[in-house]
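This report refers to the structure that appears directly beneath it.
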Amino acid sequence: MELTIQDILTDLHAAENDCQMFEKKYGILSEYFYAAYIGGSLEDNGNPDFALWAGSYEIKLDREKAYRNLVFAQSSLLTKLSNLKIEHVEYQ
């Protein structure tokens, strides 16, 4: 089954939400957690969160790659993006 842009975005947002939940819980960004997790320098003591977190991060990376590949394969999406009007927003 081939994923659509909408499927990819749905999966990506869900994975990002999961990663953010774990980042808040453990106080470390997913990127750094994942490097320690796959590098074997993290003692998880059987913590089931770590396997779930690593899985969510892998899904996030996979869907980001799939999105990039699909966007660049579809020139109509690039045209839509180039026609977007970007307004400056100031954050407080």
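The values are calculated or read from the model by the stated rules, or taken from the named source; none is laboratory data. Note that the coordinates shown come from a computational prediction; the quantities given were computed from them, not determined experimentally. All Cβ positions, even for glycine, are placed from backbone atoms using ideal geometry, and neighbour counts span all protein chains on display.
Only residues that are under 23 Å from F72 (Cα atoms) and over 15 Å from the mean Cα position of the chain (by Cα) were counted across region 1-36, and they come to 4. Taking region 4-41 as the search range and keeping residues that are in contact with a Lys or Arg (Cβ under 6 Å, 6 or more places away or on another chain) and aliphatic (A, V, I, L, M), which one is surrounded by the fewest Cβ atoms within 10 Å (Cβ to Cβ)? Going through the qualifying residues, I end up with L12. The set of residues in region 27-53 being under 16 Å from N17 (Cα atoms) and either among the β-branched types (V, I, T) or part of a loop (DSSP other than H, G, I, E, B) (or both) consists of G27, I28, L29. Going by the structure shown, is S56 among the polar types (S, T, N, Q) and surrounded by 14 or more Cβ atoms within 10 Å (Cβ to Cβ)? Spelling it out, S56 is indeed among the polar types (S, T, N, Q) and surrounded by 14 or more Cβ atoms within 10 Å (Cβ to Cβ).
Matching residues to (1) touching a Ser or Thr at 6+ places or on another chain (Cβ under 7 Å); (2) modelled with pLDDT of 95 or more:
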| residue | (1), (2) |
| --- | --- |
| C19 | yes, yes |
| E23 | yes, yes |
| Y26 | no, yes |
| N45 | no, no |
